[in-house]
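Accompanying notes for the structure given below.
Every number here is computed from the coordinates shown, using simple stated rules; none is lab data. Given the structure is predicted, the values throughout are model-derived calculations rather than measurements. Glycine gets a Cβ as well: all are built from the backbone with ideal geometry, and neighbour counts include every protein chain shown.
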Amino acid sequence: MESINVKDIQPDKRQWLESSIGRHLEDNQKIIIRVITPGVEPDQKTRDEAIDSLMALAHKGTRHRESLAVSAEEADVAVDEATDVLRSRKAE
């Protein structure tokens with residue numbers, strides 16, 4: 001799975017992305033796009049690549065959390081709070 005650094009996106013394309021996803025993008029963010037066909041299961045190679053990519057992202061997140069001296073429990077609480085906020089926005 002490829003990723004694109006937001007800071008490297010041309011201004012007109014970045015504006016289109018922001019309007020398409022409905023949120024402002026920060027320079028320190030990355031865009032990851034995955035195209036799927038509903039009802040069609042990906043082959044084993046594609047599934048393995050997706051799992052590898054997710055695991056790499058999880059390990060990177062863990063390393064970042066640890067570099068900030070944030071415990072796994074604190075991170076879990078923060079994720080739960082953020083999830084609750086997002087869910088409450090969707091309900092409005």
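Here the Karplus curve 6.51 cos²θ - 1.76 cosθ + 1.60, taken at θ = phi - 60°, turns the phi angles of region 24-31 into couplings of 6, 9, 9, 4, 8, 9, 10, 10 Hz, with x standing for Gly and Pro. Projected label points at Arg23 and Thr62, each 7 Å from Cα along the beta carbon direction, are separated by 2.5 nanometres. How would you classify region 3-46 from its alpha-carbon gyration tensor, with a ≥ b ≥ c the square roots of the eigenvalues: rounded for a/c under 1.5, else prolate if a/b is greater than b/c, otherwise oblate? Here region 3-46 falls in the prolate category. For region 68-80, backbone phi angles converted through the Karplus equation (6.51, -1.76, 1.60; θ = phi - 60°) give residue-by-residue couplings of 8, 6, 9, 6, 4, 5, 4, 5, 4, 4, 5, 5, 4 Hz, Gly and Pro being listed as x. Only helices enter this figure: runs of n ≥ 4 DSSP H residues, each worth -39500 (n - 2.57), summed and divided by the residues of the chain, yield -20500 deg cm²/dmol at 222 nm to the nearest 500.
Given the alternatives [x] 56, 52, 23; [y] 30, 29, 22; [z] 36, 35, 32, Cα extents along the principal axes in Å as computed for this entry is given by [z]. Largest GNM mean-square fluctuation across Ile21, Ile33, Ile51, computed for the chain with C-alpha springs under 10 Å, falls on Ile21.
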